[in-house]
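Below is one structure, written out as structure tokens, with a few remarks after it.
The values are calculated or read from the model by the stated rules, or taken from the named source; none is laboratory data. Quick caveat, the model's predicted, so the values are computed rather than measured. Here the Cβ is made from the backbone with ideal geometry for all residues, glycine too, and neighbour counts use every protein chain on show.
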Amino acid sequence: MNFELNKEFIEQLQTAIQEHADVQIESMVKELHPADIAEILGELETEERQYLINLLPEEITADTIVELEEDERGELLKDLPSQEIAHSVIEHVDSDDAADIISELPEDKQDEVLSNISDIEQAGDIVDLLNYAPDSAGGLMATELVSVNEELTVRACIEEIRKQASEVDEFFYVFVTDSQDMLKGVLHLKKLLLAKDTELIKNLIEDIRYVKTDDDCEEVANIMRKYDLVSVPVVDSIGRLKGRITIDDVVDVIKDEAEEDYQLMSGITGDIDSNDSVFKLTRARIPWLLIGLAGGILGSVVIGGFDSQLIKHPEMAFFIPLIAAMGGNVAIQSSSIIVQGLANNSLGLDSASRKIIKEVLVALVNGSIVALIALIYNMVVGQSFALCLTVSISLITVVLFAAIVGTSLPLAFEKIKIDPAVATGPFITTTNDIMGMIIYFFVSFQCYSWF
């Protein structure tokens, strides 16, 4: 069933909650997916969320809490007793989701929740996952999987899969290990079903890509994307099977990384969204605004340094916004392509110099086109020949400079292990605004002295 949240639904639900119409509330949400219920909770007040959660079955409650945004989940869990979190939430979700939820709790409450988990093995798995860095494959993986020994026959393997499958919600591959838990390969279900009962599993396994527990999440996402994997095994430093990462976890990583890069490119630092407080939103935006302010002041200083030129030729002032905007746009275009390529490893083996040369050639063509259009426009409206040349030559020069800066800065940031998305926001546009003004006035000085 496809569910589309609307204002009318929320108003009806809020009215039912206020009237304590439990039967009506349950009928409204009983057929919904936990992700849809999480979306609904995001539109409710804290007390209303708590009321609705209390009416849900434990398994639905657990899956819904997993789907909530981090701040909404924290708000919901902060008042719940540790025992209730352990029994109603943690014991009903996979180990990776359980570790994520527990990691968001205060440290003292983390210990309380872990001590209240009835399954000691599950608690141990969660503790192990909490020791991995959040942005590593170990921090992303789940320990629930289906694995068999390579020495089993097909008949024995099927029996073993049946036993393990009851503890795993869904699985895409059967992983094959030796007696030391070293990963040997993967067993495809189709091959298993077509094999003879007496066939040994080690004769049926196939190689599979794997990642190590300390690999970065972005690297995991790139491997799964490149090789079209729906699940990838995770091994430790010596090759022992420790867990698996599924495609739904990787989609979340890709989404989070895209949001982070977009915010950085827009001049916003930190992990924020529209529901955060005014103070948090201000703190995330102000650093780049201050850089923009500094750039604007420097730009005005540059213009002030050429005030005598503007007094002689005031018509030049009309084209200052054009020069600044064109440089900023070209820089953002060039840098965005580079940042995107760095993010998904699609830049190939070309050297940095070849990438810069390619962008310069593109900028030369584009700059020539816009410069020609500007030249024709200025001549049609009757501007002086000196101004026509000034604007056109400046446009070509600024576009070329912006392309070089927009391409080289992200590559340089990547080289020194700084997120290249940082280079594509106000930092580049501010740099190009200042240099654009210097280029414009320098060219104008030359052109007006010649003509």
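Quick notes on this one:
- Of all residues making up segment 4-20, the number that are modelled with pLDDT of 90 or more and closer than 12 Å to Leu55 by Cα: 1
- Every pair of residues 6+ apart whose Cβ atoms lie under 9 Å, when the first sits in segment 21-36 and is over 14 Å from Asp63 (Cα atoms) while the second is of a type in the set (Asp, Glu) and modelled with pLDDT under 90: none
- Unmet requirement for Thr246, which otherwise passes all of (1) within 23 Å of Lys417 (Cα to Cα); (2) in contact (Cβ under 8 Å) with a residue 12 or more places away in the chain: (1)
- Answer from Asp135, Asp178, Asp169 - the residue that is modelled with pLDDT of 90 or more and among the acidic types (Asp, Glu): Asp178
- Any pair with Cβ under 8 angstrom, 6 or more apart, that starts in segment 213-233 at a residue that is in the same structural domain as Val253 (by TED's automatic domain parsing) and ends at one that is of a type in the set (Lys, Arg): Thr213/Lys242; Ile223/Arg209; Tyr227/Arg209; Leu229/Arg209; Ser231/Arg244; Val232/Arg209; Val232/Arg244; Pro233/Arg244
- In segment 131-179, residue farthest from Ser95 (Cα to Cα) [restricted to those that are part of a helix (DSSP H, G or I), without any contact (Cβ under 8 Å) to a residue 40 or more places away in the chain and out of contact with any Ser or Thr (no Cβ under 8 Å at 6 or more places or on another chain)]: Ala156
- In segment 415-430, residue modelled with the lowest pLDDT [restricted to those that are surrounded by fewer than 20 Cβ atoms within 10 Å (Cβ to Cβ) and in a helix (DSSP H, G or I)]: Val422
- The lone criterion from (1) within 30 Å of Gly239 (Cβ to Cβ); (2) of a type in the set (D, E, K, R); (3) in contact with a helix residue (DSSP H, G or I) (Cβ under 9 Å, 6 or more places away or on another chain); (4) not in a helix (DSSP H, G or I) left unmet by Asp79 is number (1).
- Residue match in segment 431-440 (condition: in contact (Cβ under 8 Å) with a residue 12 or more places away in the chain, within 17 Å of Ile337 (Cβ to Cβ) and in a helix (DSSP H, G or I)): yes
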